[in-house]
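Here is the structure we will look at, set down as structure tokens.
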Amino acid sequence: MVHNVIIVGSGPAGYTAALYNARANLDPLLFAGIQPGGQLMITTDVENYPGFPDGIMGPEMMELFRKQIERFGTQIKDHTITKVDLSQRPFKLWADDEMFEAKSVIIATGATAKWIGLPSEVTFGGFGVSACATCDGFFFRGKNVIVVGGGDTAMEEANYLTKHANKVYLVHRRDSFRASKIMVDRVMNNPKVELITNTVLEEITGQTDPVKKVTGVRMLNVSTEKTSTMDIDGVFVAIGHKPNSDIFKGWLDMDDVGYIKVQANSTRTNIPGVFAAGDVADAVYRQAVTAAGTGCMAAIDAERFLEAEGH
């Protein structure tokens, strides 16, 4: 059987694409992967998605997305696509050893935040540890936070957090920054930001009872080899994101980080019939609402492509 549309990925982009394609009677098949729901599954409170005045838990929101696409007949498989052949149509995709064919493909595999690798990052993920200042900065009004990183992302996050936090400490393992000079200058001229250089985070400390929250950090100065502790309310890890695009390497045009390139004002990739939506193609915004928006665009692009091809 050749499917009209196969959607790879199940965050807001994949689910929204499925919603539009299902309502267009295209009978989409969606591969949800090993973490259905994407990055929102590790997000506690979502307060910046329109339509939820009291906020909503990330996993609960993704469950609602999933129920909605099931209602319109989307077929969902909780499997991961491990290999593709995009050399000709129908396109071929493999989940484990099973091969599936599609007239069009929407890639919505998302991106994964890079983490330092501390077990305590996992323990307090969503409870004071975050990889997205624009998502979670609001929860730290009047509090003291740390941003870890030395690139443009870290500088942007630090600057953004000063709108909410009382004090922002930028911790970086070196004394020079990868970030552009204008971004570094902006941070250095911000009175609410303090730089802590030549330093790495060794541990994030906190409490788990009665409520789980971050209370401090232990840091190591790599020059002096001295450790120090600091009371802190939140830790933002800003060492970059990695788009989940590895299986499409060699087929699709990507930037040097691995974000899939799409044509202006569309979700079209360099291969006709293959579209990319959400964080796998978005290095700039990385929000649930923008991912959902591009998921809608990809669905419409795919539908128009199929129509033009006479399907």
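Throughout, read-outs are computed from the coordinates displayed, never taken from laboratory work. These figures come from a predicted structure and were not determined experimentally. Ideal geometry is used to build each Cβ from the backbone, glycine not excepted, and the neighbour counts take in all protein chains shown.
Overview of values
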read-out	value
Principal-axis tilt of helix 12-23 within the chain, Cα atoms, nearest 10 degrees	20 degrees
Among the listed pairs K163/K212; K77/K103; K83/K249; K114/K167; K192/K226; K167/K242, those beyond 21 Å (Cα-Cα)	K163/K212; K114/K167; K192/K226; K167/K242
Whole-Hz couplings from phi, Karplus 6.51/-1.76/1.60, listed for the range 220-237; x for Gly and Pro	10, 7, 6, 7, 8, 6, 9, 9, 8, 10, 8, 6, 8, 9, x, 10, 10, 8
Quarter of the Cα convex hull surface for the range 1-84, i.e. its orientation-mean projected area (nm²)	5.8 nm²
Kirkwood Rh, Cα atoms: Rg over Rh of the range 139-205	0.95
Order of V171, V148 under a 10 Å beta carbon neighbour criterion, fewest first	V171, V148
Inverse of mean 1/r across different Cα pairs in the chain, Kirkwood, Å	20.6 Å
Exposure rule at most 14 other beta-carbon atoms within 10 Å, DSSP loop GluC sites (Glu not before Pro): the chain longest free segment	48-224
Value of D in µm² per second that Stokes-Einstein yields for the range 115-237, Kirkwood Rh from Cα pairs, at 37 °C (0.692 mPa s)	230 µm²/s
For the range 192-260 versus the range 103-130, the gap between their alpha-carbon centres in whole angstrom	12 Å
Selected from A24, A288, A102 as most flexible by GNM, with the chain as the system and alpha-carbon contacts under 10 Å	A24
Residues I69, I106, I34, sorted so that the one with the fewest Cβ neighbours within 10 Å comes first	I34, I69, I106
3J(HN,Hα) from dihedral phi, the range 144-161, Karplus parametrisation 6.51/-1.76/1.60, rounded to Hz, x for glycine, proline	10, 9, 10, 10, 9, x, x, x, 4, 4, 4, 5, 4, 5, 4, 4, 4, 5
